[in-house]
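Reviewing the structure listed below.
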């Protein structure tokens, strides 16, 4: 019986038996859904050494998951696991770089040098998060340029939240408090994701996101302690960003396409509905401190459940925005394509620089290899 990491393979397995894990599409919490995912050792038609090697690879992968250990890039993993990670990490990376746009729009109009410096640091962080995540995706055998091509062509998506406009300065605060607060709720469990490179990237990202959430809260707090007009502006921003923030957690569990399998593989630790509830429970007391009203007349504490009851977001609108019908979809993608094209010279220069230095290293290595023992030791006696 395989029980330890010693069965880890240094070779990646590009394919596994097609039904090694039965697909699960039922609703409910991830724990109940994942419990329905079972291995099936009878399905492989391979024979001989190939079958034994595949069986060992599958068993090693299952042993890592059972021990709650990390899967690393050179470990055996089923093709579906790799595809799921590529899809999720790429979408996350795309969201980080697209997410720079709504707030960068306000850098030149920040009300003070202090606020401008804070916002510039935040937008810079988002760019760095995208780079961390593209690097994590590349450990799965995909190319960053291909991922960007798929984003620009519309074949890969990014978070729908960034397709809404930032109409006032208060929107910067609402994004930091609500949008980044929702992101933290969603992403902290990913620090324990079963895939090592993704989990390690998330540790650093979540530390920086906590700064983003705090600056948003601080900005709104300053507005709500200000004039009547500033308080009204803060409330208006919260009214517009509340339901899009709730929608960030995805569709309800009963309609989730990938949740159960992601849970079985240890990629996802909590369901969409569980994370959404956690976010609401966390945010309500913060709203009381800020003095803003959450725009939900049905929001109330349910003592029996030990959680807040709240109105679900409009999932039909979420689907429309994901499909490209949001207020700013076209604008966001046009800006992203233009930035990519205008930055081509930087990528070309960086590639040429790297190749030039690689040539120098190769030449130096060749010269060193051609030296004799006598030449290394100096003139012969």
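Does the stretch 257-275 contain at least one residue that is more than 21 Å from the chain's Cα centre (by Cα), assigned to a helix (DSSP H, G or I), in contact (Cβ under 8 Å) with a residue 40 or more places away in the chain and over 20 Å from residue 160 (Cα atoms)?
no
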Open item on the list: Return the residues of the stretch 136-159 that are outside any helix (DSSP H, G or I) and surrounded by fewer than 16 Cβ atoms within 10 Å (Cβ to Cβ); say none if nothing qualifies.
Closed with: 141, 143, 153, 154, 155
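If you check residue 124 against the conditions, is it at pLDDT 95 or above and buried (at least 17 other Cβ atoms within 10 Å of the Cβ)?
Against the criterion (at pLDDT 95 or above and buried (at least 17 other Cβ atoms within 10 Å of the Cβ)), residue 124 does not qualify.
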TODO: Count, please, the residues in the stretch 326-344 that happen to be in a helix (DSSP H, G or I) and closer than 17 Å to residue 144 by Cα.
DONE: 6
Task: Residue in the stretch 208-218 that is under 19 Å from the mean Cα position of the chain (by Cα), under 30 Å from residue 76 (Cα atoms), in contact (Cβ under 8 Å) with a residue 24 or more places away in the chain and in the same structural domain as residue 116 (by TED's automatic domain parsing) present - done: no
Open item on the list: For the list (1) assigned to a helix (DSSP H, G or I); (2) surrounded by fewer than 22 Cβ atoms within 10 Å (Cβ to Cβ), I need the number of the one condition that residue 251 fails.
Closed with: (1)
Open item on the list: Condition check: closer than 29 Å to residue 103 by Cα and assigned to a helix (DSSP H, G or I). Does residue 292 satisfy that?
Closed with: no
- [ ] Select from the stretch 279-311 the residues that are surrounded by 12 or more Cβ atoms within 10 Å (Cβ to Cβ) and either within 23 Å of the chain's Cα centre (by Cα) or on the phi > 0 side of the Ramachandran plot (or both) and list them in ascending order.
- [x] 279, 280, 281, 282, 283, 291
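The values are calculated or read from the model by the stated rules, or taken from the named source; none is laboratory data. Predicted model, so just to flag it, every value in this text is computed and none were measured. Glycine also receives a Cβ, built like all others from the backbone with ideal geometry; neighbour counts cover every protein chain displayed.
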